Amino acid sequence: MCGIVGYIGKKPAFPFLLSGLKRILYRGYDSFGFGVIGKENKLNCFKRPGKLDEWEQKLLEMNFEGNIGIAHTRWATTGTVTEANSHPHWDCHRNIFLVHNGIIENYKELKEKLEKEGHKFHSECDTEVLAHLIEKFFKGNLETAVRNALKFVRGTYGLAIIARNDPEKIVVARNSSPILIGIGENEYIVASDAAAIVDRTKKVIYLDDGEVAVLTPSRFFITDINQNQIEKNIKEIDWDLEEVQKGDYSHFMIKEIIEEPETIENAVRGRLMIEEGRVKLGGLDGIQEKLRKINRIILVACGTAGYAARVGEYMLEEYVGIPTEVDIASEFRYRKPVVDKNTAAIFVSQSGETADTLAALKEMKEKGILTIGITNVVGSTQSRETDAGVYTRSGPEIAVASTKAFLGQLAILSMLAVYLGRQREMALVMGKRIVSELTKLPELAKETLKSAPEIEKLAKKYKNFKNFWFIGRKYNFPIALEGALKLKEISYLHAEGVAGGELKHGPIALIDENFPTVAICPLDSVYEKMISNIQEIKAREGKVIAVATQGDKDIKKIADDVIYIPKTLEMLTPMLSVIPLHLFAYYIAVLLGHDVDKPRNLAKSCTVE
Ligand code: G6P
């Protein structure tokens with residue numbers, strides 16, 4: 001979604017703003033803009049709808065001078081995709097310039113009031129109201145004006161603001177939309193995503209809600225909205241620039257799929273205790289005793305993370321014996337969940353910034369429920385707001401459609417099942433079996449990737465079909481949902497995931513020779529049932545691509561095409577069966593000529609409702 005970059009220091013701001021912005025384009029955007037304070041405090045501003053790379057040459061030629069600047073990528077929410085609606089926005093006198101992530105909920109009433117007071121608006125975007133509101137309070141000092149203005153604002157924001165009439169500073173503010181400050185040598189960088197700054201500095205300060213930071217070329221300070229000083233710790237980013245670069249891969253998505261075995265390895269490294277049949281999850285140490293007492297688990301997430309949560313539901317119920325339910329965050333936050341003091345809510349999110357998931361988390365904290373995060377991004381809001389948590393350690397995930405992070409989430413959930421299971425009735429032998437299989441899983445995942453050339457051939461064969469079913473049962477039902485989601489996200493083909501047993505209750509009506517089905521049917525406790533489903537499809541002339549266990553020769557007799565995966569424990573098969581589905585979606589989308597890493601209309605982390 002929207003992205004922010006800002007620079008203040010001794011070097012030219014523009015080249016940095018451009019390179020920083022390019023590194024966060026992956027979040028999804030539809031317009032972009034720059035504002036740099038140049039000579040005699042002139043504001044150089046350029047903003048356009050469309051793709052940044054189409055304008056890059058022109059921008060480089062313009063090469064705005066100046067050492068202070070802000071930049072933005074917009075993902076339209078309020079107001080259509082136009083130049084006027086893109087950021088930066090400014091006030092009547094072109095003094096205040098600002099970029100904003102989030103939504104101003106009371107912008108209509110603020111706008112009406114400001115218009116009555118004589119302010120002239122030039123866009124439909126909610127953000128513009130902030131520029132005029134700050135203008136109203138501006139008496140020469142930008143941070144004072146910002147603090148006073150924000151007292152009237154309802155909504156979410158990550159903000160970077162500059163003023164021509166108080167030019168030696170950037171003011172930054174946050175409420176429910178991530179923003180961080182990179183501390184460089186004689187320079188400060190503002191960003192909504194660490195990927196924008198990691199080549200310049202690894203020292204960062206994450207702003208919390210209600211904080212306002214003032215950055216000058218030589219110092220910075222942070223206060224709350226009432227001007228009380230706040231001391232913050234500097235944190236270290238623990239990954240490198242190479243991790244947010246494509247290297248020799250043609251897309252981030254394929255790089256990230258190839259990294260899936262490594263992702264499992266990173267998630268389990270140092271956490272498995274084979275002899276004791278236990279796992280060590282340091283992030284849960286502080287709540288170990290509370291976890292012994294919980295008797296109900298609610299998993300909350302969105303999108304792909306939601307499907308990982310669904311696999312988690314099967315794992316936790318089967319191996320921990322605790323009633324577990326999964327809800328998508330956007331629904332959960334508005335229903336009235338029945339919880340008590342022995343319920344734990346687990347939030348699964350790659351970014352740790354998904355607005356719906358965070359709102360659900362807030363709701364649960366309000367009720368005093370134990371909250372746990374399974375998060376990839378270190379220092380993200382979710383990781384800071386939950387009572388405890390486990391990092392997936394998947395590394396930066398750049399492609400909008402999530403792939404490797406899903407594997408990280410599944411690995412953590414399977415370890416959580418062992419952790420909670422061993423606190424309860426899970427036998428040592430069972431603990432050992434799962435833990436030792438987890439140590440082998442990265443190798444098995446590598447072996448699974450070897451079928452990539454075959455899957456590419458299948459993609460060629462099936463790319464012209466317009467509709468697909470994905471079916472699976474038990475642990476692989478959520479994988480069917482994930483396989484279908486991936487295909488629709490990046491190839492724009494119609495694909496639906498359905499539980500194998502549900503086929504006969506409706507979906508089968510659509511089956512014919514033009515509606516192929518991807519059936520996930522490893523040798524597990526529901527294998528026979530899946531075979532029956534495949535037969536039902538074949539009887540109606542539907543084509544079937546099966547994902548099956550190595551050595552299963554029978555499946556070849558009924559399915560049109562078979563992709564083999566190695567054998568593992570039933571609960572862990574999703575970590576293998578999903579790999580071919582990620583590859584299948586990738587190859588089809590490439591063959592159809594789509595922008596695989598930045599699919600239309602989608603955003604990497606949805607920071608608005
Ligand atoms: C967006 C992305 C999905 C992702 C979902 C949840 O919709 O496009 O790929 O699964 O958000 O994101 P999270 O960061 O919370 O895992």
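The values are calculated or read from the model by the stated rules, or taken from the named source; none is laboratory data. Predicted model, so just to flag it, every value in this text is computed and none were measured. Glycine gets a Cβ as well: all are built from the backbone with ideal geometry, and neighbour counts include every protein chain shown. These area figures cover heavy atoms from the full protein model, side chains too; ligands, DNA and RNA do not enter into them. Shrake-Rupley method; radii C 1.70, N 1.55, O 1.52, S 1.80 Å.
Which numbered condition trips up Glu536, out of (1) in contact with a Gly (Cβ under 7 Å, 6 or more places away or on another chain); (2) open to solvent by 20 Å² or more (accessible area, probe 1.4 Å)?
Here Glu536 meets the rest and fails (1).
Please work out which one of (1) in a loop (DSSP other than H, G, I, E, B); (2) touching a residue at least 60 places away in the same chain (Cβ under 8 Å) is the condition Val172 fails and give its number.
For Val172, the failing item is (1).
Quick one: which strands (runs of 3 or more DSSP E) sit completely within the stretch 1-78 and have at least 2 residues that are among the basic types (Lys, Arg) and modelled with pLDDT of 90 or more?
By residue number, 43-49.
Filter the stretch 227-270 down to residues that are hydrophobic (A, V, I, L, M, F, W, C), assigned to a helix (DSSP H, G or I) and farther than 21 Å from Val198 by Cα, then give me how many there are.
Total meeting the criteria: 6.
Looking at the stretch 190-243, which of the residues that are without any contact (Cβ under 8 Å) to a residue 40 or more places away in the chain and of a type in the set (Val, Ile, Thr) is nearest to Glu143 (Cα to Cα)?
Step by step, filter the stretch 190-243, then rank; the result is Ile222.
Within the stretch 284-339, track down each residue that is part of a helix (DSSP H, G or I), within 16 Å of the ligand (Cβ to nearest atom) and of a type in the set (D, E, K, R).
The answer is Arg310, Glu331.
With respect to the numbered conditions (1) surrounded by fewer than 23 Cβ atoms within 10 Å (Cβ to Cβ); (2) touching a Phe, Trp or Tyr at 6+ places or on another chain (Cβ under 6 Å), which one is the sole condition not fulfilled by Ile508?
For Ile508, the failing item is (2).
Filter the stretch 86-106 down to residues that are assigned to a strand (DSSP E or B) and open to solvent by 10 Å² or more (accessible area, probe 1.4 Å), then give me how many there are.
Residues that pass the stated criteria total 1.
Let's see how each residue does on (1) open to solvent by less than 10 Å² (accessible area, probe 1.4 Å); (2) away from the ligand (no atom under 16 Å from the Cβ); (3) not aliphatic (A, V, I, L, M):
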site: Ile545; (1), (2), (3): yes, yes, no
site: Lys553; (1), (2), (3): no, yes, yes
site: Ile558; (1), (2), (3): no, yes, no
site: Lys567; (1), (2), (3): no, yes, yes
site: Ser577; (1), (2), (3): yes, yes, yes
site: Ala589; (1), (2), (3): yes, no, no
site: Gly593; (1), (2), (3): no, yes, yes
site: Val608; (1), (2), (3): no, no, no
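Taking the stretch 401-458, which residues are of a type in the set (Asp, Glu) and within 16 Å of the ligand (Cβ to nearest atom)?
Hits for the stretch 401-458: nothing passes.
Out of everything in the stretch 198-230 that is polar (S, T, N, Q) and open to solvent by 30 Å² or more (accessible area, probe 1.4 Å), what residue ends up being modelled with the lowest pLDDT?
This residue is Ser218.
Looking only at the stretch 361-382, which residues are within 13 Å of the ligand (Cβ to nearest atom) and either surrounded by fewer than 22 Cβ atoms within 10 Å (Cβ to Cβ) or modelled with pLDDT of 95 or more (or both)?
Leu361, Gly373, Ile374, Thr375
Mind checking whether some residue in the stretch 256-269 is at positive phi and open to solvent by 20 Å² or more (accessible area, probe 1.4 Å)?
no
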